[in-house]
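**Student:** The structure is given below, and queries will be raised subsequently.
The values are calculated or read from the model by the stated rules, or taken from the named source; none is laboratory data. Quantities reported herein were computed from a predicted structural model and do not represent experimental measurements. Cβ: placed from backbone, ideal geometry, glycine included. Neighbour counts: every protein chain shown.
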Amino acid sequence: MFLPLSFNLEGKKILLVGGGKAALEKFAQLSRAGCRLIIIAPWFSEAMQAALAKPNLSQIEIHNRKFEDADIEDCFMVFTAVDDESVAEHIFRLCRSRNLLINSADDKARCDFYTTAVIDRGSIQVAVSTHGRFAGVSAILRRHLEELFPAELEDDWEKIFALRARAVTLQSAIEKKSVITDIVRQIESRYFGKQTNGVGDERRQD
């Protein structure tokens, strides 16, 4: 059983070992996480080289060499995307001995966690996972869900969050609940064509 979590990786040291297609997919997510990303591989595919050549990658270190045990020092999390089974197993066992979380691309047995197919709309994120069983299914579901959250609505969501932030400052608990309930009703009606009682749960922090 897996517990879905969202990690705040801002400023944390993350290691990515690999330079091929699978590594590129991990890089695409990690490069947006604000982490201090260390990428190590003896070779990089043309697509990976092109991605790494883009500007504004100041928090990314690139090492064109084989993995060394010392590379995992002070890491918060490790990602591997390598074809060599012996290398993958060595890094996995090393992370186990250091109590480090590791994700091994296309290798369920060597994963402490799985990355998800994500719809990123600024303050709205929707994640889809098959627990590492079939990434293609996650990708298909993501594409269909993206139609519910078009990118052009990002400004709308920010306005909604601003309304909610003002509502929680109201002194009257009854008035506060009424305003928030109305916001929820408007969201259901405007974006999903549904009517609802709009009963929100303010105990949640998401």
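**Student:** Without any contact (Cβ under 8 Å) to a residue 60 or more places away in the chain, in the same structural domain as Phe27 (by TED's automatic domain parsing) and surrounded by 15 or more Cβ atoms within 10 Å (Cβ to Cβ): which single residue out of Arg121, Arg142, Arg110 fits that description? Quick ask: steps written out before the conclusion?
**Tutor:** Values: Arg121 fails: in the same structural domain as Phe27 (by TED's automatic domain parsing); Arg142 fails: in the same structural domain as Phe27 (by TED's automatic domain parsing).
The conditions single out Arg110.
**Student:** Scan (1) among the hydrophobic types (A, V, I, L, M, F, W, C); (2) over 18 Å from the mean Cα position of the chain (by Cα); (3) buried (at least 17 other Cβ atoms within 10 Å of the Cβ) for the single condition Leu52 breaks and write down its number.
**Tutor:** Just one mismatch for Leu52, condition (3).
**Student:** Quick one: which of Ile38, Ile91, Ile62 is in contact with a Cys (Cβ under 9 Å, 6 or more places away or on another chain), β-branched (Val, Ile, Thr), over 23 Å from Ile119 (Cα atoms) and not assigned by TED's automatic domain parsing to the domain that holds Val126?
**Tutor:** Values: Ile91 fails: in contact with a Cys (Cβ under 9 Å, 6 or more places away or on another chain); Ile62 fails: in contact with a Cys (Cβ under 9 Å, 6 or more places away or on another chain).
None of the other options fit; the residue is Ile38.
**Student:** Kindly provide the set of residues from the range 167-177 that are surrounded by fewer than 14 Cβ atoms within 10 Å (Cβ to Cβ) and either aliphatic (A, V, I, L, M) or modelled with pLDDT of 85 or more (or both), ordered by number. If you could, list the steps in order and put the result at the bottom.
**Tutor:** Here is the first cut: in the range 167-177, the ones surrounded by fewer than 14 Cβ atoms within 10 Å (Cβ to Cβ) are 168-169, 171-175.
Val168, Thr169, Ser172, Ala173, Ile174, Glu175, listed by residue number.
**Student:** Please find, within the range 1-20, the residue that is nearest to Ile72 (Cα to Cα) out of those that are touching an Asp or Glu at 6+ places or on another chain (Cβ under 9 Å) and surrounded by 13 or more Cβ atoms within 10 Å (Cβ to Cβ). Step through it out loud before you land on a result.
**Tutor:** Pass one, the range 1-20, residues touching an Asp or Glu at 6+ places or on another chain (Cβ under 9 Å): 6, 13, 15, 17-18, 20.
If we keep only those that are surrounded by 13 or more Cβ atoms within 10 Å (Cβ to Cβ) as well, we get 13, 15, 17-18, 20.
On the way: Lys13: 9, Leu15: 7, Val17: 10, Gly18: 14, Gly20: 20 Å.
Checked the range 1-20; the qualifying residue nearest to Ile72 (Cα to Cα) is Leu15.
**Student:** With Phe67, Phe2, Phe76 as the choices, which residue is over 15 Å from Cys95 (Cβ atoms) and among the hydrophobic types (A, V, I, L, M, F, W, C)? It would help to see each step written out before you state the result.
**Tutor:** Numbers: Phe67 fails: over 15 Å from Cys95 (Cβ atoms); Phe76 fails: over 15 Å from Cys95 (Cβ atoms).
Checking each option against the conditions leaves just Phe2.
**Student:** Let me ask you something else. Please go through the range 88-116 and pick out each residue that is in a helix (DSSP H, G or I) and not aliphatic (A, V, I, L, M). Before you say what the answer is, go through the steps one by one.
**Tutor:** Step one: filter the range 88-116 for residues in a helix (DSSP H, G or I), giving 88-97, 108-110.
Within the range 88-116, Glu89, His90, Phe92, Arg93, Cys95, Arg96, Ser97, Lys108, Arg110 qualify.
**Student:** For the range 65-87, give me each residue that is assigned to a loop (DSSP other than H, G, I, E, B), under 23 Å from the mean Cα position of the chain (by Cα) and crowded, with 18+ Cβ neighbours inside 10 Å.
**Tutor:** Cys75, Ala81, Val82
**Student:** How do the pairs read when you match residues in the range 81-92 that are more than 18 Å from Leu24 (Cβ to Cβ) with residues anywhere that are surrounded by 22 or more Cβ atoms within 10 Å (Cβ to Cβ) and among the small types (Gly, Ala, Ser), using Cβ under 7 Å and keeping only pairs 6 or more apart or on different chains?
**Tutor:** Phe92/Ser104
**Student:** Of the residues Ala41, Ala47, Ala23, only one is more than 17 Å from Asn8 (Cα to Cα), surrounded by 17 or more Cβ atoms within 10 Å (Cβ to Cβ), at pLDDT 95 or above and under 22 Å from the mean Cα position of the chain (by Cα); which? Talk me through it step by step, then tell me what you get.
**Tutor:** Values: Ala41 fails: under 22 Å from the mean Cα position of the chain (by Cα); Ala47 fails: surrounded by 17 or more Cβ atoms within 10 Å (Cβ to Cβ).
On inspection, the qualifying residue turns out to be Ala23.
**Student:** Among the numbered conditions (1) closer than 25 Å to Thr130 by Cβ; (2) touching a Phe, Trp or Tyr at 6+ places or on another chain (Cβ under 7 Å); (3) not in a helix (DSSP H, G or I), tell me where Ile40 comes up short.
**Tutor:** Status for Ile40: all satisfied but (1).
**Student:** Kindly evaluate Leu148 against the criterion of being under 30 Å from Ala105 (Cβ atoms), outside any helix (DSSP H, G or I) and not aromatic (Phe, Trp, Tyr). Working first, answer last.
**Tutor:** Details: under 30 Å from Ala105 (Cβ atoms): yes; outside any helix (DSSP H, G or I): yes; not aromatic (Phe, Trp, Tyr): yes.
When the stated conditions are applied, Leu148 passes them.
**Student:** Looking at Asp120, Asp155, which one is more than 23 Å from Ala22 (Cα to Cα) and modelled with pLDDT under 85? Spell out how you get there, then give the answer.
**Tutor:** Working: Asp120 fails: more than 23 Å from Ala22 (Cα to Cα).
On inspection, the qualifying residue turns out to be Asp155.
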